[in-house]
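Derivation of every value follows stated rules applied to the coordinates shown; laboratory data play no part. None of the values given here were measured: they were computed from a predicted structure. Because the Cβ atoms are built from the backbone with ideal geometry, glycine has one as well, and the counts that use them run over all protein chains shown.
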Amino acid sequence: MLAVLLFGVAMPDAASAAFVGLQGWIVSRLDWLFVASTALFLGVALWAALGRTGGIRLGRDDERPTFSRASWFAMLFSAGMGIGIMFYGVAEPILHYASPPLGAGSTPGAAARAMTLAFFHWGLHAWGVYAVMGLAIAYFAHRRGLPIAVRSTLEPILGERIHGPLGHAVDVIAVFGTLFGLATSLGLGAMQINAGLSVLLGAPDSVGVQVGLIALITAGATTSLVLGLDRGIRRLSELNVALAGALFLFVLLAGPTAALLQAFPLRVGDYLVQLAPLSLDPSRLGPAEWRGGWTIFYWAWWIAWAPFVGTFIARISRGRTVREFVLGVLLVPSLVSFAWFTVFGWTAIELDVRGAAIATAVQEDLATGIYAVLGQLPFARVTSLLAAVVVAIFFVTSSDSGSFVVDMLTSGGRPNPPVWQRVFWAVSEGVVAALLLVAGGLSALQSAAIDTGLPFCAVMLLVCVGLVKALRAEAR
């Protein structure tokens, strides 16, 4: 990590070129690997939930869940998607509507297609990656008594060697992917908070301000980490979901309510009809260059995040059955994401049709999307401030959850690692995000996500083999 950061500081232009160049090579040569792998991960998760293995409990047979369902959903959603849906909830649908990868833009067909693409990127495939990684870690940790670490998932393949150099290497790859995947999310969050402050207070929209925001919110994440999982991370996640819910309801009621209520089931239906064709034939999505900037970026981002989100979900899921775990992780966050993209994305499209020029604003600056929509609705300054606060808290919950996971991994899978190490990793994540922003802005952040997703994709394929072997053996 230090070597990459020194490269970014000493030679920012060369670092940005290297990140983007490696991304280009991966997208042009290995896009098929990401497409096939994400489909496989979703298939394995569904197999585990719907087959004979679904009744296996992640813990003792008589054990019950540690957290309530409400707390569980709040924590896994805040960790897994928070900043992303705030950043792309408006930006992605309106961009696909105005400039679709296939066909003419700014038409009713382009609007429907835009929502299908957004759902495809943020729906079952994304949560399938998290579900299979989280299930594997939870099963081997809570059922088999192994450390809460990625290495434990390879026990059916490596045996006792998971405690040696091979196991260490797997966890090192997981830590590296987690740090740079989180840096992507934290960088997006800083850019969006900066855009909100620019709208509200006239603050300059610059990398310097964004680095300052990263420092401030990293301090908040560190405080949450010191308080611990129950007093810090859980309560902050619940607060954030409540505030995001209030913002969601405001836009639903203040925006084109009838159109939104009509659009939601129609767009979900379109997504379900297109799910298999788009998964099996990526050319239906758009040209290869477009897929590299959108679909492959997302698939790599989810895979880079998998050790973080998977380990965190595993940590908070003791006592649940395999079926409850997989269906909860797959369905509830996916439906929430679909509802969010419908309310914010479809509202943006409706406003653009009426002449509000939302697409133009987003094309100029992706981070301003949500503020452009709120600016067209009543109480714009109040709701824009609320949006900035929600982004900030999502920023904190992603950082503190990620630091907690990295700390567990670097402590050999201990569920409650030392406080000083939590502080160290929280600060390190902020530094990584800040230096990637300095080295190349959004393109460097996206490239880092894709670049670090590649090695962990290979690890996750082995994880699937280990999980299937273990579950089949127990079912027999």
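List of remarks:
- As a proxy for reagent exposure, ranking Thr184, Thr218, Thr153 by other Cβ atoms within 10 Å from fewest up yields Thr218, Thr184, Thr153.
- Given their separation in residues at 0.36 nm each and the Cα-Cα distance between them, Trp25 and Val332 gain 107.0 nm when the chain is fully extended.
- Dipole in debye (nearest 20) - the chain, about Cα centre, beta carbon charges: Lys, Arg +1; Asp, Glu -1: 1380
- Take the Cβ atoms of Leu243 and Trp420, set R0 to 22 Å, and the FRET efficiency comes out at 0.10.
- Chain lengthening between Leu253 and Arg144 when straightened (0.36 nm per residue, less Cα-Cα): 34.4 nm
- Spatial offset of the range 296-344 relative to the range 113-169 amounts to 12 Å, using the alpha carbon center of each.
- Using θ = phi - 60° and Karplus 6.51 cos²θ - 1.76 cosθ + 1.60, couplings along the range 141-152 (whole Hz; Gly, Pro as x): 7, 8, 8, 9, x, 8, x, 7, 8, 4, 4, 4
- Residues of the range 234-261 with amide N under 12 Å of a point placed 7 Å along Cα→Cβ from Val382: 250
- Scoring 285-291, 414-420 by mean Cβ neighbours within 10 Å over their residues and listing the highest first yields 285-291, 414-420.
- Cβ-Cβ FRET estimate between Ala14 and Ala288, R0 fixed at 35 Å, reported to 0.05: 0.85
- Seen against the Cα atoms of the chain and their longest principal axis, helix 419-475 is set at about 50 degrees.
- Helix 295-315 vs. the chain, principal-axis angle (Cα, 0 to 90°, nearest 10): 50
- Three-way shape call for the range 1-74 based on the alpha-carbon gyration tensor, with the a/c threshold at 1.5: oblate
- Remark: Ser398, Ser37 ranked as Ser37, Ser398, counting other beta-carbon atoms within 10 Å and listing the fewest first.
- The alpha carbon radius of gyration of the chain, expressed as a multiple of 2.2 N^0.38 Å, is 0.91.
- Using alpha-carbon coordinates, inclination of helix 235-254 to the longest axis of the chain, degrees: 30
- Length-normalised contact order of the chain in % [C-alpha pairs under 8 Å, at least 6 apart]: 37
- Contour excess over end-to-end distance, with Cα ends at Arg161 and Leu216 and 0.36 nm allotted per residue: 15.6 nm
- Summarising the amide proton neighbourhood of Thr321: residues at separation of 5 or more, or on other chains, whose placed amide H is nearer than 5 Å comprise Leu58.
- Neighbour-count ranking [beta-carbon atoms within 10 angstrom, fewest first] of Ile217, Ile137, Ile296: Ile217, Ile296, Ile137
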